[in-house]
Amino acid sequence: MAIKQDKPDRTAWLKGGKAQCEVVPAGVTRPRRLVLLGAPGVGKGTQAELLSERLGACHLSTGDVFRAAKMLDECERTPAMAQALDYMRRGELVPDETVLGLVTEREGCFRCQGGFLLDGFPRTVAQAEALEKLLAGQGVKLEAVLSYELPLEKIVARLSGRRTCSVCKAVFHIEARPPKVDGVCDHCGAGLYQREDDRPESIRVRMDAYAKSTSPLAEFYRRQGILVPVLAEGTPEEIFERTLVAMQHR
Ligand code: AP5
């Protein structure tokens with residue numbers, strides 16, 4: 001039986017297939033359905049965590065799904081997933097077909113009664129068009145697309161200091177958001193690690209992929225009237241407050 005708890009778990013999203021979440025978000029009066037857009041390292045995952053705590057919506061990151069697949073034994077990975085991990089390691093975008101297969105397997109998550117925060121998907125116009133169809137099939141619509149904006153050199157500094165929890169995927173920064181104990185997650189006590197694609201050569205490839213494939217998405221959503229630009233300068237808490245204000249004023 002599902003347990004009521006404040007923090008949504010992401011079992012169905014991270015595992016896919018027939019997996020089901022064990023906890024359902026409590027006290028959500030209106031499910032919020034948002035996309036977080038922005039360059040790699042701008043702070044989407046950090047804002048998604050804060051928004052998830054406040055709004056009760058489930059944080060759905062395609063990058064987290066790929067990283068969860070990396071933890072599987074090699075024989076448990078499908079050939080498409082093994083190929084996706086190679087793209088990711090190099091900092092390139094995973095082909096749309098693979099990403100869409102993975103998201104379609106998890107389309108039930110779009111009906112989550114707590115709502116959702118999509119982080120890292122869609123990343124191309126083709127993915128955005130496919131998402132529209134998936135959402136229509138589930139009878140739900142996007143409320144807003146939060147577009148986080150920051151100059152490139154500040155983004156690179158954020159990426160190189162990032163540390164991620166190997167179990168609950170919480171994100172820290174060695175200077176801006178350090179864990180209480182060096183190398184240990186504040187939330188679950190597991191070890192922190194540095195992502196393979198945060199090496200300088202992969203960062204460069206990721207930024208190029210963003211400029212070419214993902215930044216046209218801002219125009220796609222602006223035309224639909226649901227784009228909400230948010231300046232990503234300042235502390236995570238300041239940006240979070242700015243996000244809440246921007247959502248009220250749209
Ligand atoms: P993904 O996991 O989605 O990564 P990303 O978009 O590159 O974004 P990041 O997770 O790197 O950054 P973020 O914006 O979430 O920043 P964070 O909050 O961590 O994708 C990884 C790869 O998977 C892709 O390259 C691709 O290969 C593949 N992939 C995934 N989805 C795909 C798709 N749909 N299509 C194709 N391929 C796909 O913050 C960064 C750091 O900064 C942290 O250390 C944080 O603590 C710190 N920080 C955050 N906010 C602040 C602040 N205000 N001040 C100072 N430091 C801060």
Spelling it out for Leu37: with amide H atoms placed in the peptide plane at 1.01 Å from N, the residues 5 or more places away or on another chain with amide H under 5 Å from its amide H are Leu146, Ser147, Tyr148
Once the cut-off is 13 Å, how many percent of the Cα-Cα pairs in region 49-104 end up in the long-distance tail?
63 percent
Under 1.5 on a/c is rounded, so check that first for region 154-250, then, if it is not, pick prolate when a/b is larger than b/c and oblate when it is not; a ≥ b ≥ c are the square roots of the alpha carbon gyration tensor eigenvalues.
oblate
Potential extension, Val23-Glu219 segment - 0.36 nm per residue separation minus Cα distance:
66.9 nm
Tell me, what is the per residue accessible area of region 123-166 in Å², probe radius 1.4 Å?
45 Å²
Value of [θ]222 nm, deg cm²/dmol, for the chain, DSSP H segments ≥ 4, -39500 (n - 2.57) each, nearest 500
-12000 deg cm²/dmol
Under a crude label model (7 Å from the Cα following the beta-carbon direction), how far is Gln83 from Ala176 in nanometres?
3.5 nm
Rounded, prolate or oblate, given the Cα gyration tensor of region 1-135, with a/c below 1.5 counting as rounded?
prolate
Using the alpha-carbon centroid of each, what span in Å lies between region 197-248 and region 11-30?
26 Å
How much accessible area does Ile174 have with a 1.4 Å probe, in Å² rounded to the nearest 10?
90 Å²
Between Leu134 and Glu196, how high is the FRET efficiency from 1/(1 + (r/R0)^6) when r is the Cβ-Cβ distance and R₀ = 45 Å? Nearest 0.05.
0.95
Could you calculate the FRET efficiency of Glu238 with Cys75 from 1/(1 + (r/R0)^6), where r is the beta carbon distance between them and R0 is 45 Å, rounded to 0.05?
0.45
Estimated FRET transfer efficiency (His187, Leu152; beta-carbon r; R0 30 Å; 0.05)
0.50
Lys, Arg +1 and Asp, Glu -1 on Cβ, resulting dipole of region 181-250 about Cα centre, debye, nearest 20
520 debye
For region 55-139, the percent of accessible surface on carbon and sulfur atoms (probe 1.4 angstrom, ligands and nucleic acids excluded) is 51 percent
Simple SL model, points at 7 angstrom along Cα→Cβ for Arg54 and Arg204; separation in nm is 3.8 nm
Could you size up the charge dipole of the chain around its Cα centre, putting +1 on the beta carbon of Lys and Arg and -1 on that of Asp and Glu, and report it in debye to the nearest 20?
440 debye
When DSSP beta bridges are limited to those with both residues in the chain, what percentage is antiparallel, rounded to the nearest 5?
30 percent
Charge-dipole axis of the chain as Lys and Arg at +1 and Asp and Glu at -1 on Cβ define it, positive-most pick from Val184, Ala39, Gln248
Gln248
Please list, by residue number, every one of the trypsin sites (Lys or Arg not before Pro) in region 176-223 that is coil in DSSP and has at most 11 other beta-carbon atoms within 10 Å.
Lys180
Given the whole protein assembly as supplied and a 1.4 Å probe, what does the accessible area of Asp73 come to in Å², nearest 10?
90 Å²
Counting other C-beta atoms within 10 Å, and keeping those with at most 10, which DSSP coil GluC sites (Glu not before Pro) do you find in region 184-250?
none
Checked the chain with the C-alpha gyration tensor, a ≥ b ≥ c its square-rooted eigenvalues, rounded below a/c of 1.5, otherwise prolate if a/b is larger than b/c and oblate if not; verdict rounded
Computing the accessible area with a 1.4 Å probe over protein heavy atoms, can you report the carbon and sulfur percentage for region 160-239?
55 percent
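The values are calculated or read from the model by the stated rules, or taken from the named source; none is laboratory data. Fair warning: this is a prediction, and the values are worked out from it, not measured in the lab. Neighbour counts are summed over all protein chains in view; Cβ atoms, including those assigned to glycine, are modelled from backbone coordinates with ideal geometry. In case anyone asks, the SASA skips ligands and DNA or RNA and just uses the protein heavy atoms, side chains included. Shrake-Rupley method; radii C 1.70, N 1.55, O 1.52, S 1.80 Å.
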